[in-house]
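*Asks:* Pasting a structure below so you can have a look.
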Amino acid sequence: RGRVGSEMCIRDRSMAQSRASMRTAPVTKNELLTYSSMSVVTFCEARSLEVEFVKAVRLSIAAEVFTVFQKHGGKAAELKTPLDEKQFIASSQFRLVGNALRACPKFVPAEQKKKFDTMLEQIKKNNK
């Protein structure tokens, strides 16, 4: 892949770590809540420092994704099979925006709030 150090993407690092750590404890709901809380605090701080939205999201979920796949091997206590990394990244981004709308709404652009609301409505509709 030719990338080194900080240029290596989150997904590449966590995939390598998850393969290396097959005997890991699954992530619990409480641990995931903690990781998500850390992500939203990081997001709000990054946005307060005028980091653009997309970059703030990526920076904020990096540790969450890395930890779930490095420390827990992508396993979740409630699931029989390991998490799909792409789906986990997408759900982490969705959770982050939802949490940011509660914690620091002024840092979520109106366009992103609208996308979040549309996705939330779709999820509610699909769960009926």
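The values are calculated or read from the model by the stated rules, or taken from the named source; none is laboratory data. Small disclaimer: the values here were computed from a predicted structure and weren't measured. Note: ideal-geometry Cβ built from the backbone for every residue, glycine included; neighbour counts use all protein chains shown. Surface accessibility is based on the protein's heavy atoms, side chains included, excluding ligands, DNA and RNA. Shrake-Rupley method; radii C 1.70, N 1.55, O 1.52, S 1.80 Å.
*Asks:* Quick one: would you say GLY74 is on the phi > 0 side of the Ramachandran plot and not basic (Lys, Arg)?
*Replies:* Spelling it out, GLY74 is indeed on the phi > 0 side of the Ramachandran plot and not basic (Lys, Arg).
*Asks:* Anything in the range 81-104 that is open to solvent by 70 Å² or more (accessible area, probe 1.4 Å) and of a type in the set (Ser, Thr, Tyr)? List them, or say none.
*Replies:* The one that is open to solvent by 70 Å² or more (accessible area, probe 1.4 Å) and of a type in the set (Ser, Thr, Tyr): THR81.
*Asks:* Let me ask another. Looking only at the range 43-70, count how many residues are open to solvent by 60 Å² or more (accessible area, probe 1.4 Å) and either within 20 Å of VAL108 (Cα to Cα) or in contact with a strand residue (DSSP E or B) (Cβ under 8 Å, 6 or more places away or on another chain) (or both).
*Replies:* Qualifying residue count, the range 43-70: 8.
*Asks:* Also, I was wondering about something else. Taking the stated definitions as given, is SER6 modelled with pLDDT under 90, in a helix (DSSP H, G or I) and not acidic (Asp, Glu)?
*Replies:* yes
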